[in-house]
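This report refers to the structure that appears directly beneath it.
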């Protein structure tokens, strides 16, 4: 039987507000345990939550950026469950009346665009954090840090529109990019400010009825989400082919072992006993405020991607890679303003610049090679001042010193040799030194041209113009 997978994702994104959603405690990450807490976020009796207006503004931004309908009236609800890191015994969230619904996100997979529907975006508070330091006299124990309790989240719930782990990965990366363009979340999975739960089921291809789903948790990277989904799809497929039944449950991803493990039976909405929070009035959002927020939206990733394709004529794939980070897209455009060679600029940014950023683990704002200097170097390649090979040397020196390409080329005498007489003299020398290879070339082994080019470039220390070398060599060898 041929099966297809059906995937829906629930993403929790921490919002970049200075204070928590219902109190004035700081949201700063990494503070000593239980130092950013108060009676409100630790659920003391008699306290009242006060909604943070900035949280609502940021949630509206994300709703508008993902084409959602913003509800004029939404409502907070109590979601009841009892964990040590949830001091009130319930979480303030939204249920029947969320802030935003019925949007979509456009993803790009294998060069094809696809829309992934959004069921809803709602606001809620985060729980605390359990710390497991070890054991006392062989008895395991845990500690609770409430600093994260009350930190503002938006939960972004997709429709079950994804059909492969690769699509799920593309969707998550797209969401994170949108959040970062809006500057409402840093999207840092390692610090827990961008977290994902996945629901996955399989069914016979062509069927419309959904299969029994499992929920996957504990995935702390995009790659781990894809790996967990791949494993779970294989596990469910094997179960059905063996005549077994897929059980609805929550499973944890064990990255070290590369498997999912049973955690608990899957909860349904009834298990949480939602009801409207009596301490919070219904949230009324005026249309004028929504329009004010809409006008503040920046150029969004998909808009910027399509504009780069149209304006600069670069491939869609290049534009997708470059616009994954707004600062990188800005760097690219500044570079093109200097060199006016969009494709060459996109190649250098995608390959060399992004590789250096990854190896150095830095943001592009800290990169020693400015966009202007990269553009000047590309201009030198276009003018024939340096070759592409020499440019690699120049770029490495720019990364190391931060100097301009002109200074590096001048100080290291890297100017490309374009004097035809000089190049011909070197070629004649190479041909004289390699008579056997010359005869083999003229006997039909034309692939030896690369050998001769290499010898010429070696003698000129890579400074001879490659196009001229190729042209003159072919003329001399084909006589």
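No lab work stands behind these numbers, since they all come straight from the coordinates. As the structure is a prediction and not an experimental result, all values here were calculated from the model. Note: ideal-geometry Cβ built from the backbone for every residue, glycine included; neighbour counts use all protein chains shown.
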Being closer than 29 Å to residue 90 by Cβ and without any contact (Cβ under 8 Å) to a residue 12 or more places away in the chain, is that true of even one residue in segment 186-206? yes
Please enumerate the residues belonging to segment 47-64 that are touching a helix residue (DSSP H, G or I) at 6+ places or on another chain (Cβ under 9 Å) and part of a loop (DSSP other than H, G, I, E, B). none
Scan segment 231-254 and give yes if some residue there is touching a helix residue (DSSP H, G or I) at 6+ places or on another chain (Cβ under 6 Å) and either more than 25 Å from residue 163 (Cβ to Cβ) or surrounded by 15 or more Cβ atoms within 10 Å (Cβ to Cβ) (or both), otherwise no. yes
So which residues in segment 352-363 are over 12 Å from residue 399 (Cα atoms) and either surrounded by 11 or more Cβ atoms within 10 Å (Cβ to Cβ) or touching a residue at least 12 places away in the same chain (Cβ under 8 Å) (or both)? 354, 362, 363
Within segment 20-27, identify whether any single residue is surrounded by fewer than 17 Cβ atoms within 10 Å (Cβ to Cβ) and outside any helix (DSSP H, G or I), and answer yes or no. yes
Quick check on segment 130-148. Is at least one of its residues closer than 28 Å to residue 235 by Cβ, in a strand (DSSP E or B) and in contact with a helix residue (DSSP H, G or I) (Cβ under 8 Å, 6 or more places away or on another chain)? no
All positions within segment 12-50 that are in contact with a strand residue (DSSP E or B) (Cβ under 7 Å, 6 or more places away or on another chain), touching a residue at least 40 places away in the same chain (Cβ under 8 Å) and closer than 12 Å to residue 148 by Cβ: 12, 14, 20, 21, 25, 27, 33, 34, 36
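Return the total of residues in segment 117-140 being more than 27 Å from residue 21 (Cβ to Cβ) and touching a strand residue (DSSP E or B) at 6+ places or on another chain (Cβ under 8 Å).
So the count comes out to 4.
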Regarding residue 378, is this residue under 20 Å from residue 463 (Cα atoms), surrounded by 14 or more Cβ atoms within 10 Å (Cβ to Cβ) and more than 30 Å from the chain's Cα centre (by Cα)? no
With the structure loaded, tell me whether residue 368 is within 19 Å of residue 406 (Cβ to Cβ), outside any helix (DSSP H, G or I) and out of contact with any strand residue (DSSP E or B) (no Cβ under 9 Å at 6 or more places or on another chain) or whether it fails that test. yes
Quick test for you: out of 208, 214, pick the one residue that is under 27 Å from the mean Cα position of the chain (by Cα) and more than 30 Å from residue 329 (Cα to Cα). 214
